[in-house]
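Okay, structure first, notes after.
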Amino acid sequence: MSDKELAGKVAVVTGAGRNIGRAIALALAEAGATVVVNARANRAEADAVVAEIVNKGGSALTQLGDVADPGTAEALAALAASRLKRIDILVNNAALRNEKPIDEMSYADWRAVLAVTLDGAFHCSKACLPWLKRNGGTIVNIGGMSAHIGSSGRVHVMTAKAGIVGFTRGLAHDLAGDNITVNCVVPGAVATARLAGTVKPAHHLTHGAILGRRGSPGDVAALVRFLAGPGGRFITGQTIHINGGAYHGS
């Protein structure tokens, strides 16, 4: 692929302060896009991503906010529109992955996860849509392997991520006439930084990659970059798994 195949384009990446979201923001910036970096509340993390992009010669802006709130989605779109005059790429990455067995889960626990993962993708897609339509844009939704194989203590997470698959397919149909591609990227076990004391997800212990290693955030980001670029323009409505062959392992 070209070194700057996304030059002149603007990308909005939610949940971009760390891990996979951060890697996606960096990869799109490396490809030449100006990136709006969203994080829920941690300004230091978001600003650090922006600084890293700028220090490498790229361009980026920070916009904090919880995408479960439609006001945050509107603010993201408004920032890109007012400062950058366009939106070409939306990556719906923001998600909560809390673990709790169903008999201990409250409705508030359930709604908190679905609100960020599923409602957030809806809010951001709606807010960015008028701008994405102008130039035939790209939406990439980030899914989750547990939604496809099952896992304990994650019924809310799996429901939200399974919903993202349906959301992707529906959007692909609705937006095809506007030349907007919509795909879902489903990472497997990825080596990401976790908060101290966080338990490793159960499905990471049972579905190891046959390639013999965990994925990196950069592996996922490279696929998102491809889908956002010229090589991905005939790919839409797809759920693409990037897990090192985990479904063939044990």
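Observations, loosely collected:
- For the chain, the solvent-accessible area works out to 44 Å² per residue, with a probe of 1.4 Å and every protein chain left in place.
- Förster-model FRET efficiency, 30 Å R0, Ser59 and Gln238, C-beta, rounded to 0.05: 0.50
- Estimated 222 nm signal from helices in the chain, with DSSP H stretches of n ≥ 4 weighted -39500 (n - 2.57), rounded to 500: -12500 deg cm²/dmol
- 10 Å-binned pair-distance histogram of region 44-190 (Cα, whole percent): 11, 35, 35, 16, 2, 0
- Placing dummy labels 7 Å off each Cα toward the beta-carbon, the span from Ser106 to Lys133 is 4.1 nm.
- When the chain is reduced to its Cα atoms, the Kirkwood hydrodynamic radius in Å: 18.0 Å
- Atom-type composition of the exposed protein surface of region 52-133 places 53 percent of the accessible area on carbon and sulfur (1.4 angstrom probe).
- Ranking Val157, Gly212, Gln238 by Cα position along the charge dipole of the chain, where only Lys, Arg, Asp and Glu carry charges on their C-beta atoms, puts Gly212 farthest toward the positive end.
- Long-range HN-HN contacts of Cys184 with modeled amide H, under 5 Å: Asn141, Gln238, Thr239, Ile240
- Highest mobility in the GNM of the chain, judged by mean-square fluctuation with C-alpha springs under 10 Å and restricted to Thr117, Thr192, Thr181, is found for Thr192.
- Axis angle, to the nearest 10 degrees, between helix 43-55 and the longest C-alpha principal axis of the chain: 50 degrees.
- Cross-link pairs exceeding 29 Å in C-alpha to C-alpha distance, out of Lys56/Lys100; Lys9/Lys100; Lys56/Lys85; Lys133/Lys161, comprise Lys56/Lys100; Lys9/Lys100.
- Each 10 Å bin from 0 upward holds the following percent of the Cα-Cα pairs of region 64-107: 21, 38, 21, 14, 5.
- Protection-proxy order for peptides 233-246, 59-72, 129-142, each taking the mean of Cβ atoms within 10 Å per residue, highest first: 129-142, 59-72, 233-246
- All Cα pairs of region 109-199, percent lying beyond 15 Å: 64 percent
- Of all the options Ser106, Ser152, Ser216, the one that moves most in a Gaussian network model of the chain with Cα springs shorter than 10 angstrom is Ser106.
- Nearest-ten-degree value, helix 155-175 long axis tilted from longest Cα axis of the chain: 30 degrees
- Backbone geometry of region 112-127 corresponds, through the Karplus equation with coefficients 6.51, -1.76 and 1.60 at θ = phi - 60°, to 3J(HN,Hα) couplings of 4, 6, 5, 5, 6, 5, 8, 5, x, 5, 5, 4, 5, 5, 4, 5 Hz, x marking Gly and Pro.
- For region 23-117, dividing the convex hull volume of the Cα atoms by the residue count gives 102 Å³ per residue.
- C-alpha long axis of helix 19-30 to longest principal axis of the chain, angle in °: 20 degrees
- Put a plus charge on the Cβ of each Lys and Arg, a minus charge on the Cβ of each Asp and Glu, and nothing anywhere else: the dipole of the chain about its Cα centre is then about 320 debye.
- As an equivalent ellipsoid, region 1-41 spans semi-axes of 20, 10, 5 angstrom, where each value is the square root of five times an eigenvalue of the C-alpha gyration tensor, largest first.
- 14 Å Cα-Cα reach of Lys4 towards aspartates and glutamates, excluding residues that sit fewer than 8 places from it in its own chain: Glu30
- Short-range pairs are left out: with C-alpha atoms under 8 Å and at least six residues apart, the relative contact order of the chain is 19 percent.
The values are calculated or read from the model by the stated rules, or taken from the named source; none is laboratory data. What you are looking at is a predicted structure, and each value in this text was computed from that prediction instead of being measured. In this analysis, Cβ positions are derived from the backbone assuming ideal geometry, glycine residues included, and neighbour counts consider all displayed protein chains. Accessible surface is based on the protein model in full, side chains and every heavy atom, while ligands, DNA and RNA are left aside. Shrake-Rupley method; radii C 1.70, N 1.55, O 1.52, S 1.80 Å.
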